[in-house]
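The values are calculated or read from the model by the stated rules, or taken from the named source; none is laboratory data. Computed from a prediction, not measured in an experiment: that's the story for all the values here. Reconstructed Cβ throughout: ideal geometry from the backbone, glycine too, with neighbour counts over all protein chains shown. Just so you know, the surface numbers come from the protein's heavy atoms only, side chains and all, with ligands and any DNA or RNA stripped out. Shrake-Rupley method; radii C 1.70, N 1.55, O 1.52, S 1.80 Å.
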Amino acid sequence: MVTKTGAEIVWECLQREGVKHIFGYPGGAILPTYDALTKYDIHHVLVRHEQGATHMADGFARASGEVGVAIATSGPGATNMVTGIATAMLDSSPMVCITGQVGSKLIGSDAFQETDITGVTLPITKHNYLVTSASEVARTIREAFYIAKSGRPGPVLIDITKDAQQGTCKFDWEAAAPQLPAYRPDHSPNAGDFERALALINKAKRPIILAGHGIILSGATELVKKFAEKAHVPIAMTLLGIGAIPASHPLNLGMMGMHGESWVNTAIQEADLLLAFGMRFDDRVTGNLKNYAPNAKKIHIEIDPAEINKNVRIDVALVGDLGEVLEELIPKTDTTDRSEWNNYIRDLKGDSAVRDIQNLPDSGHLYAAHVINDLWRETKGRALVVTDVGQHQMWEAQYYHHDEPRSLITSGGLGTMGFALPAAIGAKFARPDAEVWVVVGDGGFQMTLCELATIVQEKIDIKIAIINNGFLGMVRQWQEFFYEKRYAATPLVNPDFAKLAEAYGIRGFSVDKRSDVVSTLQEARQHPGPALIDFRVEQEDSVYPMVPAGADLHQMIRRPSPLFETGSDE
Ligand SMILES: Cc1cc2nc3c(=O)[nH]c(=O)nc-3n(C[C@H](O)[C@H](O)[C@H](O)COP(=O)(O)OP(=O)(O)OC[C@H]3O[C@@H](n4cnc5c(N)ncnc54)[C@H](O)[C@@H]3O)c2cc1C
Ligand SMILES: Cc1ncc(C[n+]2csc(CCOP(=O)(O)OP(=O)(O)O)c2C)c(N)n1
Ligand SMILES: [Mg+2]
């Protein structure tokens with residue numbers, strides 16, 4: 001058995017966990033670990049802000065299904081990670097964050113750059129550790145990886161004191177295998193629950209699948225398709241479920257919820273059975289809970305028992321991995337003709353399509369929806385798109401039609417502005433052959449744009465589409481609808497984003513006419529390196545439909561028709 005320092009054991013274990021890339025930023029308390037990195041074959045991506053490191057690790061995880069890893073120093077390095085950790089927690093993304101900590105004897109003394117980061121992150125991690133001795137490092141890292149990726153995935157933080165990094169011990173990988181008797185992620189439903197679920201499914205006339213992120217996390221996309229096709233059940237997607245079932249699949253209705261399609265929300269309200277597959281009934285999805293799908297029985301297939309009956313009262317819960325549960329359910333599910341129900345929904349859709357912005361004549365105005373739709377057409381729906389948070393995020397969900405799982409990466413639960421650019425960098429490391437596009441607002445882009453330098457330093461090819469409406473658009477929309485257009489603190493004075501990109505050594509373009517969208521997209525795609533396009537879009541456009549917060553799901557604000565146009569471009 002060899003003797004190693006705690007710092008060497010960190011890298012040794014990461015390597016054995018299969019880690020090839022790590023995103024981080026050095027500092028005093030983590031310096032022994034950085035020093036040992038020179039002996040290991042792990043690629044370290046130097047970020048410009050530790051928040052970026054966490055979003056990169058998260059983006060890596062969402063694009064690959066593997067655990068993403070970020071590393072930072074104590075104090076401000078660690079606290080800069082907080083937003084990224086919370087983002088991963090809310091969206092069940094598997095991540096391990098490693099932070100340096102002051103020497104164990106100094107803990108509690110307000111030492112230089114000391115923060116109680118395990119205390120700070122307790123509510124936003126799946127689990128966290130403070131490691132004070134080299135002998136604990138290997139076991140902790142192995143446990144952290146196991147916890148991050150098993151059951152319902154999530155972020156785990158490991159805080160390692162400087163003396164634990166510098167100290168030595170015998171390294172024994174086998175002896176450090178996880179032993180967590182109190183942690184049981186392997187649930188499975190009992191036979192009675194299966195029978196009750198099958199009885200409800202087989203007799204339902206108007207069932208609908210609510211397809212969530214858990215489908216992608218479970219790797220159950222084919223099984224969900226198989227189930228839906230066998231039982232002829234239409235499928236509604238959550239924002240994070242998008243891509244789990246191809247948008248082009250005839251049973252895929254599109255997105256549900258606050259900015260979901262009107263026919264999807266109406267179908268949910270009129271259903272007699274909801275089949276919730278790996279989704280957690282977020283308030284953006286349900287609207288007013290009192291009148292949510294009032295006539296529907298509800299079956300919830302979900303890996304985390306804490307989600308059952310949390311927001312919506314469930315009739316049958318099947319607690320377990322979605323894929324495993326469906327394997328058992330599918331052979332016993334009847335093939336039932338549900339054409340009446342499916343045709344009814346198709347008719348609802350026909351009514352809504354006439355209001356679609358794509359069908360309106362070209363008025364010379366540049367709408368975000370046009371940009372997104374052209375991006376979808378030009379990339380033939382095959383790009384890996386990473387969005388930020390706001391109106392552009394919703395337009396992306398509505399107008400880019402995703403056919404592949406893990407082809408849309410977006411912050412849903414925390415709604416973290418600044419997520420897109422760094423998350424896209426992580427995604428590019430996970431899938432170097434993918435065409436990666438960032439779709440980002442002019443507000444959110446400015447929160448983490450420092451990572452443009454990381455793109456250049458790492459020589460990676462990412463394309464960036466800024467949907468520049470000169471506003472914190474989603475907040476402006478709420479002010480327009482609910483605060484009588486009092487635009488407090490939402491107009492933005494922006495830099496020239498194309499020039500800014502050029503200053504970083506990134507090819508920059510600006511577009512303000514609809515007729516230039518396609519040719520500029522083509523030029524950016526052909527450019528052999530990173531490129532940024534500043535799309536100067538209609539300033540006061542809104543995302544439709546919209547279910548106002550707290551309203552019933554079918555009470556949607558619809559796009560006024562004919563289109564009400566405002567803005568500065570005449
Ligand atoms: C501006 C804005 C607007 C939004 N508007 C909408 C909207 O209109 N519509 C919408 O849908 N969302 C919207 N969202 C996103 C919303 O807030 C939630 O993030 C989203 O609805 C959550 O989707 P989910 O439940 O599928 O995923 P998650 O929140 O990731 O939940 C996944 C669930 O799957 C479970 N799970 C994990 N692994 C497995 C497994 N192996 N087997 C079974 N279960 C598993 C997890 O325990 C969890 O309960 C919006 C977000 C923002 C920022
Ligand atoms: C870090 C953070 N701060 C504040 C918010 C609240 N918020 C949600 S959307 C939004 C506006 C986003 O503006 P922009 O990035 O320009 O995108 P747009 O809505 O205009 O497309 C704000 C401020 C948030 N989601 N995240
Ligand atoms: Mg904006």
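Structure notes:
- S515/N295 FRET efficiency (R0 56 Å; Cβ-Cβ; nearest 0.05): 0.70
- Amide H contacts under 5 Å for G257: N265, restricted to partners 5 or more places along the chain or on a different chain, H placed in the peptide plane at 1.01 Å from N.
- Cα gyration tensor shape of the chain, rounded if a/c is under 1.5, else prolate or oblate by comparing a/b with b/c: oblate
- Segment 262-324 and segment 16-70 have their alpha-carbon centroids 37 Å apart.
- Note on K20: accessible area is roughly 130 Å² with a 1.4 Å probe, heavy atoms of protein only.
- Heavy-atom surface of the chain, accessible at 1.4 Å and reported per residue (Å²): 39
- Shape of segment 404-453, Cα gyration tensor, a/c cut at 1.5: oblate
- Cβ-based net charge around I107, under 14 Å, with every Lys or Arg adding one and every Asp or Glu removing one: -3
- Taking a ≥ b ≥ c as the square roots of the eigenvalues of the alpha-carbon gyration tensor, segment 201-297 is classed oblate because a/c is 1.5 or more while a/b is no larger than b/c.
- For segment 413-570, with +1 on Lys and Arg beta carbons and -1 on Asp and Glu, the positive-most of G415, L532, A488 along the dipole: G415
- Counting only the Cα atoms, segment 49-133 fills a convex hull of 79 Å³ per residue.
- Computed from the C-beta positions of F482 and S64 and an R0 of 45 Å, the FRET efficiency is 0.65 to the nearest 0.05.
- Sequence-distant residues sharing a close amide H with K298 (under 5 Å, placed H): L274, D315, V316
- Cα centroid separation, segment 90-160 to segment 486-503: 37 Å.
- For S407, distant residues with modelled amide H under 5 Å away: none
- Pairs from the list K39/K126; K380/K428; K203/K226; K463/K499 with a Cα-Cα gap above 25 Å: K39/K126.
- Rounded accessible area of M258 (nearest 10 Å², 1.4 Å probe): 20
- Selection from A197, N468, A220, by position along the positive dipole direction of the chain (Cβ): A197
- Counting only Cβ charges, +1 for Lys and Arg and -1 for Asp and Glu, the dipole size of the chain around its Cα centre is about 620 debye.
- Carbon and sulfur %, accessible surface of the chain computed with the full protein complex present, 1.4 Å: 51
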